[in-house]
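Report on one structure; see the data block that follows.
The values are calculated or read from the model by the stated rules, or taken from the named source; none is laboratory data. Everything numeric in this text was worked out from a predicted model, so none of it was measured. Because the Cβ atoms are built from the backbone with ideal geometry, glycine has one as well, and the counts that use them run over all protein chains shown.
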Amino acid sequence: MKIVEGLFYSNDHEWIKVEGKIATVGITDFAQSQLGEIVFVELPDLDDEFGANDPIGAIESVKAASDVLTPVSGKIVEVNENLEDAPESVNEDPFNAWIFKVELSNESELESLMNATAYKEFTA
Amino acid sequence: MSNLKRTALYDNHVKLGAKMVEFTGYQMPIQYEGIKAEHAAVRSNAGIFDVSHMGEILVEGDKATEFVQYIFTNDITEQANNQVLYGLMCYENGTVVDDLLVYKYDNEKYLLVVNASNKDKDFAWLNKNNSFGVNLTDKSDMSEVAIQGPKAEEMLQKLTNHDLSKITFFTFEEITVDGKECIVSRTGYTGEDGFEIYSYDIINIWEKLLALGAMPIGLGARDTLRFEATLPLYGNEISDQINPIEASLGMFVKLDVDFIGRDALKEIKENRKLKSAGIELIDKGIPRHGYKVLNIDEEEIGEITTGYMLDRSVALALIPVNYKLGDIVYIQVRNRKLKAKIVSRKFMNKNYKK
């Protein structure tokens, strides 16, 4: 199971890459392998504001729909529209198939997330 | 998962790397290679399914025919020996105990094949209604494997001297497959030609069919295949809350014979409110079992019974009978209302050999 160093990780198996005030969010290799073949990604609307752990969209496998939660509060500033035509890229390359970018409204929330080492233990 | 039951093929599934899940008290494979690849293999080649969790109940006695007719919605009076009939068992109010296949050996012997999730309930229901003095024997310890797809007959024929072309659509024979005694019927749950094989000795048959090129198929693709072929699933299209007339299974309900629930179903037919309709999403999304169907005024009119994204996003829904092909409805998907239209329930052409 691939885990990338230098990212934050949530209990809901999302990875979070922080650059300045912008957090880029996707799901982990562990998450995609649990979900199975992903056939649809429901993206949030731009400029919508969410609190930490709010559902912002969904990832759907053949069998089931799973909510995508934002691990941090803020405003949606970009979504990965490529996933509308190629949802399978979340299976193929989960750490590059980012889902959305959020402008952090409360950077202290990052402290409650895991680093790569902690996430590795979490999924062990 | 230690207290769960295993089928005779459990080790074979693990060896194939199947993802195992709990299903109705059994550890069953939900997928091997992947649902989409497995679905495609059954449509283009052949797939094998371990369906040993299904229930089999033997009915024997002088009045076996009277008994089976009493609990079964289809008309068995014209059923030939070695013929298989699909139908339902209903409660007095017309809702469904289970759907099942009835295998007729002769007037005094039938085999009922019922859903795994219902078999204990079914056995109790049959016993409760056995005022005919028949013997009911649970044969659910038998294994069952289905082989389905355009290459099914060719592959299975390599394991038996019996001419499989003689086993016509919805008939069965007791024959030898790979040296083992089996019941083999030309039946299935995919919309493809194929067979269901019942035996107490199934492991070598499974392994040999794999070696002949059949792909192992898990419960995931079993559901997408049966859905695409518009075959109902108990708990989705039918249930103890849904009757077969309104679920659009009227062709398997023969109201001129007497059975439990007939009077209620007659009334329901005359005053029918609901039907099973096909739905295709116009907006992007996937309609799932249990999602609400809304009219253009956003009032709830029904519910999705099964839905998938196959080559398009389609579903079966229980909605009022007055909706017609092309009518626009909305599906409540989480916090969104997605636009959809009523389409034919025929999502594919079935490839049966009749």
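Data overview
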{"quantity": "Check on B:Thr187, in contact with a helix residue (DSSP H, G or I) (Cβ under 9 Å, 6 or more places away or on another chain) and either assigned by TED's automatic domain parsing to the domain that holds B:Gln79 or polar (S, T, N, Q) (or both)", "calculated": "no"}
{"quantity": "Some residue of segment A:104-118 being at pLDDT 95 or above, within 14 Å of chain B (Cβ to nearest Cβ) and touching a helix residue (DSSP H, G or I) at 6+ places or on another chain (Cβ under 8 Å)", "calculated": "no"}
{"quantity": "Count of residues meeting criterion [over 13 Å from the mean Cα position of the chain (by Cα) and either under 30 Å from B:Val21 (Cβ atoms) or among the hydrophobic types (A, V, I, L, M, F, W, C) (or both)] in segment A:23-56", "calculated": "10"}
{"quantity": "Residue within segment B:114-131 that is part of a strand (DSSP E or B) and under 30 Å from B:Gly34 (Cβ atoms) present", "calculated": "yes"}
{"quantity": "Residue satisfying condition, being surrounded by fewer than 18 Cβ atoms within 10 Å (Cβ to Cβ) and within 24 Å of A:Ser66 (Cα to Cα), within set B:Asp297, B:Asp263, B:Asp311, B:Asp258", "calculated": "B:Asp311"}
{"quantity": "Residue that is nearest to A:Val68 (Cα to Cα) [pool: residues in segment B:319-348 that are loosely packed, with under 12 Cβ neighbours inside 10 Å and free of Cβ contacts under 8 Å to residues at least 40 places away in the same chain]", "calculated": "B:Asn335"}
{"quantity": "Matching residues in segment B:39-94 - criterion: being among the aromatic types (Phe, Trp, Tyr) and part of a helix (DSSP H, G or I)", "calculated": "B:Phe67, B:Tyr70"}
{"quantity": "Out of A:Ile59, A:Ile3, A:Ile22, sole residue that is within 14 Å of chain B (Cβ to nearest Cβ) and either closer than 27 Å to B:Val314 by Cβ or in contact (Cβ under 8 Å) with a residue 12 or more places away in the chain (or both)", "calculated": "A:Ile59"}
{"quantity": "Which listed residue is closer than 28 Å to B:Gly285 by Cα, touching a Lys or Arg at 6+ places or on another chain (Cβ under 8 Å), at pLDDT 95 or above and more than 14 Å from chain B (Cβ to nearest Cβ), from A:Val72, A:Val77", "calculated": "A:Val77"}
{"quantity": "Which numbered condition A:Asp47 fails, given (1) surrounded by fewer than 20 Cβ atoms within 10 Å (Cβ to Cβ); (2) touching a Pro at 6+ places or on another chain (Cβ under 6 Å); (3) farther than 18 Å from A:Asn96 by Cα", "calculated": "(2)"}
{"quantity": "Given (1) in contact with a Leu (Cβ under 8 Å, 6 or more places away or on another chain); (2) buried (at least 18 other Cβ atoms within 10 Å of the Cβ); (3) not assigned by TED's automatic domain parsing to the domain that holds B:Val59, index of the condition B:Lys158 fails", "calculated": "(2)"}
{"quantity": "Given (1) in a helix (DSSP H, G or I); (2) among the basic types (Lys, Arg); (3) away from chain A (no Cβ under 14 Å), number of the condition B:Arg222 does not satisfy", "calculated": "(3)"}
{"quantity": "Contacts under 6 angstrom Cβ, first residue in segment B:12-30 being in the same structural domain as B:Lys208 (by TED's automatic domain parsing) and β-branched (Val, Ile, Thr), partner assigned to a loop (DSSP other than H, G, I, E, B) and surrounded by 18 or more Cβ atoms within 10 Å (Cβ to Cβ), 6 or more apart", "calculated": "B:Ile30/B:Gly218"}
{"quantity": "Some residue of segment B:31-54 being closer than 24 Å to B:Gly191 by Cβ, among the basic types (Lys, Arg), surrounded by fewer than 22 Cβ atoms within 10 Å (Cβ to Cβ) and within 14 Å of chain A (Cβ to nearest Cβ)", "calculated": "yes"}
{"quantity": "Residue in segment A:25-56 that is nearest to the other protein chains (Cβ to nearest Cβ), counting only those that are over 24 Å from B:His289 (Cβ atoms) and in a strand (DSSP E or B)", "calculated": "A:Phe50"}
